[in-house]
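Here's the structure, in structure tokens; my notes come after.
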2 protein chains.
Amino acid sequence: MTKQKRTVFYLSDRTGITAETLGHSLLTQFDGIEWETVNVPFLDDMDNAQAVLAQINHAAERDGHRPLVFSTLLKPEILEVIKQANCCIFDFFEAFIRSIEEELHQPFARMAGRSHGLQHHLSYFKRIAAINYVMAHDDGVNPKHFTDADIILTGVSRSGKTPTCLYLGLQYGIAAANYPLTPDDMDVQQLPAVLEAVKHKLFGLTLTPAQLHFIRQERRPDSQYASLAQCQREIQWQEALFSRYDIPYLDTTRISIEEISAIILDRCGLKRQLYG
Amino acid sequence: MTKQKRTVFYLSDRTGITAETLGHSLLTQFDGIEWETVNVPFLDDMDNAQAVLAQINHAAERDGHRPLVFSTLLKPEILEVIKQANCCIFDFFEAFIRSIEEELHQPFARMAGRSHGLQHHLSYFKRIAAINYVMAHDDGVNPKHFTDADIILTGVSRSGKTPTCLYLGLQYGIAAANYPLTPDDMDVQQLPAVLEAVKHKLFGLTLTPAQLHFIRQERRPDSQYASLAQCQREIQWQEALFSRYDIPYLDTTRISIEEISAIILDRCGLKRQLYG
């Protein structure tokens, strides 16, 4: 059986992040469909609206199914044009905004770019400061500033420390450092000395030896470093270390960077520093 | 006049990213309200649901207004508990999923964690590869690998290159390098030699001299580097350089990292490599 093919459009006055996030959440609930995605950010004039209308109608004809259109458009005149297309339209503002207006007893601003725009200088600086912190404290660099960290991730090579720190900095404004556990540390069966004083800020990342082996193989195929036996030794050792020192840790084998980050925030009681 | 104070809850089976994105997009359309935010990710058992019910009712009593609750909960029994609370609930799936089911002629999977979970190994490796590329090619490092870049951002110190590259890598899977323009380059009035061969991949970031001065003051107060005169010279010089070499560029003064990234993707015709 061939897969049903459908085209999906994400239409937005600005970045399109909201439309894509919401549409993606809904569509990932349906299996067995081949999606062709068309992103149209910064859709704010009538000529472009007419061009998108034609593009939607063309996709409908080509696919033999009308496209799904997710919209966060705010200009009524642009929306009116799109609504003439042969499509199934999901308008996020229309779906919720009236109820919120009623609840709050005030009309909405109908201003584009508020959600992912630059609203607050303070928030901007917090974010840049967090990113700078992450970049300056990656992979065990500058441990003398670890007292300023909101959290310090630790784990063996390729356990996902750097991507998680970057996500925590960029999306949540968290000053996240990371410190690698290396085979050298394994000899002493102790926490590296620089981590002792900041033990309460540590969070461990672990994964199955098989997954670590798989990831390391991509990096240095058939090396001692990537061998399953070595991965088994390192994982066994680090999990024992986490337990001995009461360091909370997480098995990241089957979860995404978003999920790892959300779990860390939740478990460590960290408050996100920015929205947007 | 004191601001109306309202509490908003984001309830989710998993990360809460979708619920927060939705609620944030809607609520930023209303001014003059002081929001207190409560994130409840990973809400998947009845005891926790009862605790959240109590928390919502408590907030309603304290604020004198019922809280707004944005939900991407998928378990009907959890949702039933929450619906007993004194709140105004916005159920994301309920609002849209039936229409999509009808359009696609199939029921939805009702499985949590699909949107921001780890769905595809390929996507995971693309993302990690992009992040590794960004980290290894920040601030002019390893220019001999610039031919592998999807895009190379350039601009003077503190023009926003690094945060933008990180966002492009992390959110879109784009291999983004960056190369700084320095006062040394100003003497020769030419593009740095390493950039000549990759000119077609360059994208410039600029901002107003006043904003650059403001940002640099945070970093090195009252230095020559941060002086308004120096910022004016550098900005004037780099914009002339971008024009002379036909390098597309963007004034980032009033826009967020999300907007800068979306504009770059749009203008350079880059396709995002990942979803989620």
- Query: Quick one: Karplus J couplings for segment B:66-75, per residue in order, coefficients 6.51, -1.76, 1.60, θ = phi - 60°, nearest Hz, x for Gly and Pro?
  - Reply: 6, x, 8, 10, 9, 10, 10, 4, 10, 7
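Please give the net charge around residue A:72, taking every other residue with its beta carbon less than 9 angstrom from that of residue A:72, where Lys and Arg add +1 and Asp and Glu add -1. Mind showing how you got there, number by number?
Numbers: positive: A:14; negative: A:13, A:91.
Result for the local shell: -1.
How many percent of Cα pairs in chain A exceed 22 Å?
Values: 25476 of 37950 pairs.
Of all Cα-Cα pairs in chain A, 67 percent lie more than 22 Å apart.
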- Note on the structure: Candidate cut points under trypsin sites (Lys or Arg not before Pro) in segment B:171-276, DSSP loop plus at most 14 other Cβ atoms within 10 Å of their own Cβ, are B:254, B:271
- Over all residues in B:30-37, what is the mean tally of Cβ atoms on other chains that come within 10 Å of each residue's Cβ? 3
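Which whole-number percent gives the relative contact order of segment B:121-268, counting Cα pairs below 8 Å spaced six or more residues apart? List each step's numbers first, then the result.
Working: 216 pairs, mean separation 36.6, N = 148.
Computed over segment B:121-268, the figure is 25 percent.
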- Item | Inter-probe distance in nm under a simple model that places probes 7 Å from Cα toward Cβ, at residue A:123 and residue A:98 | 2.8
- Item | Alpha carbon centroid spacing (whole Å) that separates segment B:1-61 from segment B:109-158 | 32
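Can you give the mean number of other chain Cβ atoms that lie within 10 Å of the Cβ atoms in peptide A:18-24?
Details: counts 6, 2, 5, 10, 9, 4, 6.
For peptide A:18-24, the averaged partner shielding equals 6.
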- Task: Give me the accessible area of residue A:265, 1.4 Å probe, in Å² rounded to the nearest 10.
- Result: 20
- Task: Keeping all protein chains in position, work out how much accessible area residue B:200 exposes to a 1.4 Å probe, and write it in Å² to the nearest 10.
- Result: 150
- Per segment A:4-104, sqrt(5λ) over the Cα gyration tensor eigenvalues, sorted largest first, in Å, gives 22, 18, 11
- Message: Please list, ordered by chain and number, the residues whose modelled amide H lies under 5 Å from the amide H of residue B:139; skip anything fewer than 5 residues away on the same chain.
- Response: B:178
- Count, lysine Cα pairs under 25 Å in chain A, 8 or more residues apart or across chains: 16
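Using a simple charge model, +1 on the beta-carbon of Lys and Arg, -1 on the beta-carbon of Asp and Glu, nothing else, what dipole does chain A show about its Cα centre, in debye to the nearest 20?
Details: 27 positive and 34 negative charges, 70 e Å.
Dipole of chain A, to the nearest 20 debye: 340 debye.
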- Item | Relative contact order %, segment B:48-195, counting alpha carbon pairs below 8 Å whose residues are six or more apart | 18
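Largest first, what is the accessible-area ranking of A:237, B:35 with a 1.4 Å probe? List each step's numbers first, then the result.
Numbers: A:237 15, B:35 70 Å².
Accessible-area ranking of A:237, B:35, largest first: B:35, A:237.
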- Message: Could you put A:145, A:58 in order of accessible surface area, largest first, with the 1.4 Å probe and the full protein assembly present?
- Response: A:58, A:145
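Could you tell me what % of all Cα pairs in segment B:65-125 have separations over 17 Å?
Values: 995 of 1830 pairs.
The proportion of pairs with Cα distances above 17 Å equals 54 percent.
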- Query: Taking H as built 1.01 Å from N, whose amide H comes closer than 5 Å to the amide H of residue A:90, not counting residues under 5 places away?
  - Reply: A:69, A:70, A:71
- Task: Pairs of Cα atoms under 8 Å, at least six residues apart: use those to get the relative contact order of chain B, whole percent.
- Result: 15
- Would you tell me the mean number of C-beta atoms belonging to other protein chains that fall within 10 Å of each C-beta in A:263-269, as a whole number? 2
- Net charge of neighbours whose Cβ lies under 12 Å from the Cβ of residue B:52, counting Lys and Arg as +1 and Asp and Glu as -1: -2
- Expected vector for segment A:43-60, Karplus 3J(HN,Hα) from phi with 6.51, -1.76, 1.60 and θ = phi - 60°, integer Hz, x for Gly and Pro, equals 8, 9, 9, 5, 5, 5, 4, 5, 5, 5, 3, 5, 5, 5, 4, 5, 5, 4
- Please turn the phi angles of segment A:103-111 into ³J(HN,Hα) values with the Karplus equation 6.51 cos²θ - 1.76 cosθ + 1.60 (θ = phi - 60°), one per residue in order, whole Hz, x for glycine and proline. 5, 8, 6, 7, x, 7, 6, 6, 10
- Query: How fast does the protein assembly as shown diffuse by Stokes-Einstein, in µm²/s, taking the Kirkwood radius from C-alpha pairs at 10 °C and 1.306 mPa s?
  - Reply: 63
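Sorting B:187, A:266 by accessible area (1.4 Å probe), largest first, what list results?
Numbers: B:187 125, A:266 80 Å².
Result of the area sort, largest leading: B:187, A:266.
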- P(r) of segment A:121-268 in 5 Å steps, Cα pairs, percent per bin? 2, 10, 20, 22, 21, 14, 8, 3, 1, 0, 0
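The values are calculated or read from the model by the stated rules, or taken from the named source; none is laboratory data. Source: prediction; values computed, not measured. Note: ideal-geometry Cβ built from the backbone for every residue, glycine included; neighbour counts use all protein chains shown. Ligands, DNA and RNA are excluded from the accessible area calculation, which covers all protein heavy atoms including side chains. Shrake-Rupley method; radii C 1.70, N 1.55, O 1.52, S 1.80 Å.
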